[in-house]
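A quick write-up on the structure given underneath.
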Amino acid sequence: MYSLLVLFVSSLCVVLVLTPLFRGLAIRWGFVDQPDLVRKFHKSPIPRIGGIPIFIAYLASFAILLFLNLQGSHTVRGHLGIVKSLCPAAILVFLTGLLDDLIGLKPWQKLGAQFVAAGIAVWSGLQINGVAWHQFPSWIGIPVTIIWLVGCTNAFNLIDGLDGLATGVGLVATTITLIAALLDHNIGMAFAMVPLVGALLGFLRFNFNPASIFMGDSGSLFIGFLLGCYSVLWSQKSATILGMTAPLIALSIPLLDTSVAILRRFLRGHPIFSADHGHIHHKLLARGFTPRRAVVLIYMVCGLCGALSLLQSFEHERFGGLILILLCVGACIGIQHLEYAEFEAAHRLIRLGAAFRHHLNAEMELRTFQNGLAAAATADRCWELIQHTYCRFGYHEIRLELGGQLFTHKSKTNHISKTCTLRFALSENDYLSISREFNTEPPSIVARFNHAVGVILGPKAHQMRPAESARQTIGVAVEHA
């Protein structure tokens, strides 16, 4: 326990000392994030290399612990294998982010380095064994692990859009993972997590709104990668068959935000790595939240998800399925309340796709009606066709005078107070009047039905009244009763 305390305090103190130092150096050397009033609204240039003191503090805390040679140091040395095996991959991710902060890298360069680092981590023995009730063979577990690590790495990078957001979310997720390690008596993972908790807590002092230094890609990529790695170790030690679902719940908010961003950009045909204002924190700001309140709200949701992940992990499947269902329902409700225009449009398209068969049937029925009406030689035959068809196009009452005969029909016996009536003047004496409920939405194909009736019946009306000398122009009037 003393060793864990030393790791926490030493990491916290190193960050508190180094962060102001690197903040001053970044300002002097020009490694700052300039406001552009488009995506970056901070009032003055802010240093963007906050990942350096976090990285140094994380490694320095282990060096300090070993240097002090406390009574538990031998125990610590026996559990540091996990840290040593992941160090090369974590250093590669950190250096990739640092290069992006200093000189800028293209998205494919950063992504390529992340895949290499994930491959190194898998080669060192890190592998996802299964998700929920599905256990993976090794040939599936390896690519799933690589995709998971790259996804977590980018999730914390993409969510880093408000002062203190990525740092605080990372702190909550790290603390939850530490608690899981302690409850599971996983000393090795506890040693690995404690200094990260201290580093993030110390850095939040400078990064919370209004921030005086940004984490930068060096910090967000590094933290996301470590959390991805340690969550896999958490799942490997899990006592339940739900495996990877507990860490997935703990990291649900950044992963959900990343998934939504990718899906939105795919639907719009935009590059996956392009920047926009559609992240969860942007939507909260658009709904009137201040930056601080938006960040605190996301902290609270992350904390709730973390508590659910602990409950799921250590209750031996008593609540596992229920927690997963609640999480999915909550995510759907949350996304719906954020009002993403892309998803609303996609939902309408899906509804149109579901109605495709109905629309196709209406098209075929309209064509059959047009052909039959064009071939009809008598007023009785025209009426028979119209009477059997008009209801299917949203009308409830029809009245036809054709060839000296009057035909009427109602599909509804109850009284309708508000109706919309269309009257077709077919000749001087002939007409067609059709009505529908005023407050109902007509089928999309109804305009073509109206056009077909007017165009085909007009000439027939004159043919059925040969004594008429004047030919009338077909007109349409709309009455509201």
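FYI, it's all coordinate maths here, none of it is from the lab. Just so it is clear, the model here is predicted, and its values are computed rather than measured. Here the Cβ positions follow ideal geometry from the backbone for every residue, glycine too, while neighbour counts run over all protein chains shown.
Remarks
- The tail of the calculated P(r) for segment 2-338, taken as Cα-Cα distances beyond 29 Å, holds 35 percent of the pairs.
- Of the peptides 368-376, 421-429, 191-199, 156-164, the order by per-residue mean of other Cβ atoms within 10 Å, starting with the highest, comes out as 191-199, 156-164, 421-429, 368-376.
- Averaged over residues, the count of other Cβ atoms within 10 Å places the peptides 446-453, 142-149 in the sequence 142-149, 446-453, highest first.
- The order of the peptides 203-210, 108-115 by mean Cβ neighbours within 10 Å, most packed first, is 203-210, 108-115.
- Overall Cα dimensions of segment 92-189, principal axis frame, Å, largest first: 42, 31, 23
- Residue order, fewest to most beta carbons within 10 Å, for Val93, Val83: Val83, Val93
- Spatial separation of Cα centroids for segment 13-29 and segment 167-240, in angstrom: 21
- Likely footprinting exposure, Asp430, Asp380, fewest C-beta neighbours within 10 Å first: Asp380, Asp430
- Order of Tyr2, Tyr431 under a 10 Å beta carbon neighbour criterion, fewest first: Tyr2, Tyr431
- Each Lys or Arg adds one and each Asp or Glu subtracts one; over the other residues with Cβ under 15 Å from the Cβ of Arg448, this totals 0.
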